[in-house]
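S.K.: Following this message is one structure expressed as structure tokens.
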Amino acid sequence: MLQFIPKTDQFICVVNKKIVPAKLLNALGHMMAGLVYQHRDNFAPMRFRDFIDMSKSIHPATSENAFIVLRAENSNQIRTLRNKLIEQRYLLPTLRM
């Protein structure tokens with residue numbers, strides 16, 4: 001039986017709406033790979049599990065944590081947010097394009 005663990009971690013990214021979607025997806029893939037690598041000694045906070053969809057297909061190692069995508073109007077908004085988060089000492093894996 002699965003044990004309930006309250007969600008405390010979320011993945012949040014802010015993207016510039018002016019960047020082409022394919023380029024954004026490529027950057028997000030690289031950032032997530034880096035985030036997984038940073039947690040290589042303890043995957044527990046990432047809350048991986050196998051997800052079974054309605055057709056009974058299994059999608060292994062799916063994180064239960066929320067992945068929130070926010071859209072900024074321009075790079076100035078992203079820069080302002082990034083600087084505020086750095087001041088508050090948040091973990092910030094960033095990739096600039």
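The values are calculated or read from the model by the stated rules, or taken from the named source; none is laboratory data. The structure displayed is predicted, hence computed values, not measured ones. Positions of Cβ are backbone-derived with ideal geometry, glycine not excepted, and every protein chain shown enters the neighbour counts.
S.K.: For N76, only one of the following conditions fails: (1) modelled with pLDDT of 90 or more; (2) under 16 Å from the mean Cα position of the chain (by Cα); (3) assigned to a helix (DSSP H, G or I). What is its number?
M.R.: Condition not satisfied by N76: (2).
S.K.: Check G34 against each of (1) assigned to a loop (DSSP other than H, G, I, E, B); (2) surrounded by 11 or more Cβ atoms within 10 Å (Cβ to Cβ); (3) not basic (K, R) and name the one condition it does not meet.
M.R.: Unmet condition: (1).
S.K.: Would you mention how many residues in region 49-68 are in a strand (DSSP E or B) and within 13 Å of the chain's Cα centre (by Cα)?
M.R.: Residues meeting the conditions: 5.
S.K.: Restricting the first residue to region 66-87 and requiring it to be touching a residue at least 24 places away in the same chain (Cβ under 8 Å) and surrounded by fewer than 11 Cβ atoms within 10 Å (Cβ to Cβ), which pairs with a second residue that is hydrophobic (A, V, I, L, M, F, W, C) and part of a loop (DSSP other than H, G, I, E, B) meet a Cβ separation below 8 Å and a spacing of at least six or different chains?
M.R.: none
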